[in-house]
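Visitor: Input: one structure, supplied below.
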């Protein structure tokens with residue numbers, strides 16, 4: 001099929017054997033792939049992972065998970081995970097987004113009136129309104145071969161401070177060390193960085209901090225280490241392999257070989273080794289560079305391969321000794337004599353503590369045949385240390401020669417290292433020990449942690465709390481390697497309240513304790529008394545889609561438009577309530593409609609409808625279509641079964657039932673009471689700001705009353721039986737419905753808005769334009785029960801009445 005929107009033609013192309021959408025072509029070209037259950041696994045290069053309930057639990061790009069989802073027992077989505085950041089969401093039973101907590105801890109509440117979204121609030125007494133997330137910083141150069149670079153940014157208006165976050169090789173985003181000075185607009189690492197991927201983002205604070213904004217990335221690509229070769233080519237044309245260590249930020253490597261005095265590239269690619277078929281007898285030198293794209297590092301240190309040298313009989317050193325063999329200071333020297341073999345180029349020394357396992361010892365310069373070593377710094381842990389040494393040359397080593405030393409030291413505990421404070425949820429965001437504090441929203445939970453100390457049996461945590469209400473010092477014993485805490489939740493003074501908690505730790509073995517850590521780590525929080533939270537007001541169209549936002553003064557601050565199936569008119573997807581009021585996921589461009597995810601570009605769901613087709617009239621035969629293929633008349637409230645949008649407004653006007661309300665909504669009990677009361681409840685609104693939104697609801701509701709709309713609804717939920725018959729001044733059209741009396745009662749309540757009177761065994765109601773509707777029940781002789789709904793329409797200027805009768809039968 002095809003459709004034309006704004007001069008652009010889009011074609012839907014379906015599989016001949018499956019009748020599933022395979023490609024979308026036109027303004028956008030999108031391909032779709034499915035699993036055996038009919039779920040879309042691939043869409044426009046993005047992958048989707050479904051659980052056994054056919055819900056999307058993860059999205060992937062290039063084989064890497066970039067977003068994952070969690071659901072509660074009712075199937076409602078409760079969390080969105082993006083890397084180390086988690087957004088938590090609360091939905092009503094009707095599928096409306098009620099509240100959201102951002103990765104930075106910021107709360108946003110969404111306010112509804114009679115089921116329609118009217119406002120969102122954020123900030124307030126729980127810490128003030130955080131500024132918007134700032135733009136990505138600029139990193140120059142984007143690829144550094146020296147390990148030096150500069151991160152720069154601008155400070156938005158109204159922001160008092162900026163926090164720079166750093167993530168190394170995909171790790172957690174933690175404040176950069178040292179922290180940029182307040183007011184600074186650029187930062188560079190204090191020393192050249194090692195090879196790796198460094199990602200930087202910013203948080204804007206005033207004093208509450210925003211979520212981290214978009215990120216800037218620098219790839220540090222330095223020369224690979226560990227260049228070596230094996231086995232030794234004892235004869236000419238013997239194969240050997242040149243190897244080197246991987247560089248995480250590199251996309252390829254360039255290996256050069258020197259023959260004579262000329263260097264030439266012998267390998268360029270992503271592997272970290274090069275198998276050489278063999279060379280003529282002679283000396284060959286190698287060096288390797290790491291590259292990202294066309295930018296390459298300086299070459300590594302040179303290694304030399306001697307080809308055709310002949311066999312070498314490697315003998316171990318004839319002797320090894322330790323002086324002294326017993327020590328109380330931890331100082332001693334291991335030395336050995338030279339191997340009698342002429343082809344020795346280096347020695348390898350290994351250490352074993354208390355008969356555990358052998359570990360290599362790094363010699364300062366093994367290429368010069370170093371033959372002695374002392375621990376630096378001296379050993380600090382008592383025990384028995386064994387050593388053995390081997391002679392090496394030509395890519396192989398001799399047998400080992402060993403000796404033992406015993407170290408007896410008094411228990412002298414080291415000061416704990418790795419002291420840091422981390423926000424627990426959503427996170428992780430951490431602050432290491434130093435002058436800068438981990439800035440948290442009030443009431444946030446955090447954990448102070450540190451590394452274990454050998455021989456320690458317990459630890460003491462010292463907390464110094466300072467605020468405008470006084471200072472307190474406390475000490476807590478623990479055997480754990482962490483201590484929990486909670487940021488300030490309420491003010492002690494009734495004014496803006498700032499509290500800083502500084503932690504340091506000491507290791508203990510009985511009464512013997514180390515010094516406290518220096519520097520300490522700090523956590524700070526501010527409880528701002530700023531009154532009610534800031535509110536933004538929504539203006540929605542007849543489908544419930546937000547088309548504009550205004551502030552408390554009534555000024556329009558944003559406008560939105562939608563294509564017929566719900567895709568943004570400008571192609572920009574924003575996270576939050578969108579098309580028909582359902583939440584739009586900015587990363588995927590999909591609409592989360594509770595039971596299923598919807599693709600607004602194709603006008604199709606990504607999984608099969610859990611509601612089976614209507615066997616009476618074939619409704620819902622297409623298991624992927626949205627809103628009966630008519631997005632103007634219908635919506636899909638929960639991703640399972642479409643409903644006529646205009647009748648939702650009729651019901652809300654004639655029988656108001658407020659949706660479930662979040663207990664922290666600032667509109668309080670005013671929800672569902674009426675426009676006048678709501679205006680008193682919203683902080684600092686104006687009549688102009690909300691009148692436009694509610695006038696549309698009122699007009700749509702009034703226009704939806706009457707027989708024409710009622711009949712359109714009846715035709716969507718029942719099946720017409722035969723042609724219309726006429727006699728004695730009346731024309732009768734009959735329909736057949738499903739569900740027996742319960743099904744009939746549901747339809748009757750929709751037609752009457754739940755308002756009716758009872759007369760005997762019948763119920764009577766009005767459609768609002770003079771037409772009436774009646775529901776009655778009859779028991780037939782075969783025992784079956786039939787409930788019928790009868791709509792009577794008097795045509796103005798005509799003596800003929802139109803009768804529309806729907807029968808709902810059960811039993812028999």
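Visitor: What is the order of 327, 148, fewest Cβ neighbours within 10 Å to most?
Guide: Result, fewest neighbours first: 148, 327.
Visitor: Averaged over every viewing direction, what's the projected area of the C-alpha convex hull for segment 138-220? Give it in nm², one decimal, please.
Guide: If you wrap the Cα atoms of segment 138-220 in a convex hull and average its projections, you get 5.0 nm².
Visitor: How high is the relative contact order of segment 138-220, given as a whole-number percent (alpha carbon pairs under 8 Å, six or more residues apart)?
Guide: This gives 37 percent for segment 138-220.
Visitor: Hey, another quick one. Applying a 10 Å radius around every beta-carbon, put 285-296, 752-763 in order of their mean neighbour count, most first.
Guide: 285-296, 752-763
Visitor: Another one. Report the label-to-label distance for residue 800 and residue 266 in nanometres (one decimal), using points 7 Å from each Cα along the Cα→Cβ vector.
Guide: My value for the distance between the label points is 9.8 nm.
Visitor: Counting other C-beta atoms within 10 Å, which of 352, 775 has the fewest, and how do the rest follow?
Guide: So the ranking, lowest neighbour count to highest, is 352, 775.
Visitor: Let me ask you something else. Applying 1/(1 + (r/R0)^6) with R0 = 35 Å to the Cβ-Cβ distance of residue 239 and residue 346, what FRET efficiency is obtained, to the nearest 0.05?
Guide: 0.90
Visitor: Pop a pseudo-label 7 angstrom from the Cα along the beta-carbon direction at both residue 380 and residue 569 and give the gap in nm to one decimal.
Guide: About 6.8 nm separates the two model spin labels.
Visitor: Let me ask something else. Please list 588-595, 248-255 highest first by mean number of surrounding beta-carbon atoms within 10 Å per residue.
Guide: Put in order of decreasing packing, that is 588-595, 248-255.
Visitor: By count of other Cβ within 10 Å, fewest leading, how are 582, 780, 276 ordered?
Guide: 780, 276, 582
Visitor: Using Cα-Cα distances under 8 Å and only pairs 6 or more residues apart, what relative contact order does segment 707-810 have, in percent?
Guide: 29 percent
Visitor: Below 8 Å between Cα atoms, with a sequence gap of 6+, how large is the relative contact order for segment 320-407 in percent?
Guide: It rounds to 38 percent for segment 320-407.
Visitor: A follow-up question, please. Just to verify a number: FRET efficiency for residue 70 and residue 761, C-beta to C-beta distance, R0 = 51 Å, to 0.05?
Guide: Efficiency, rounded to the nearest 0.05: 0.55.
Visitor: Another question about this same structure. If each residue of separation counts as 0.36 nm, what is the full-extension length gain between residue 82 and residue 457 once their alpha-carbon separation is subtracted?
Guide: Going from the current span to full extension adds 131.1 nm.
No lab work stands behind these numbers, since they all come straight from the coordinates. In this text, all values refer to a predicted model and were calculated from it rather than measured experimentally. Positions of Cβ are generated from backbone atoms using ideal geometry, with glycine treated the same way; all protein chains shown enter the neighbour counts.
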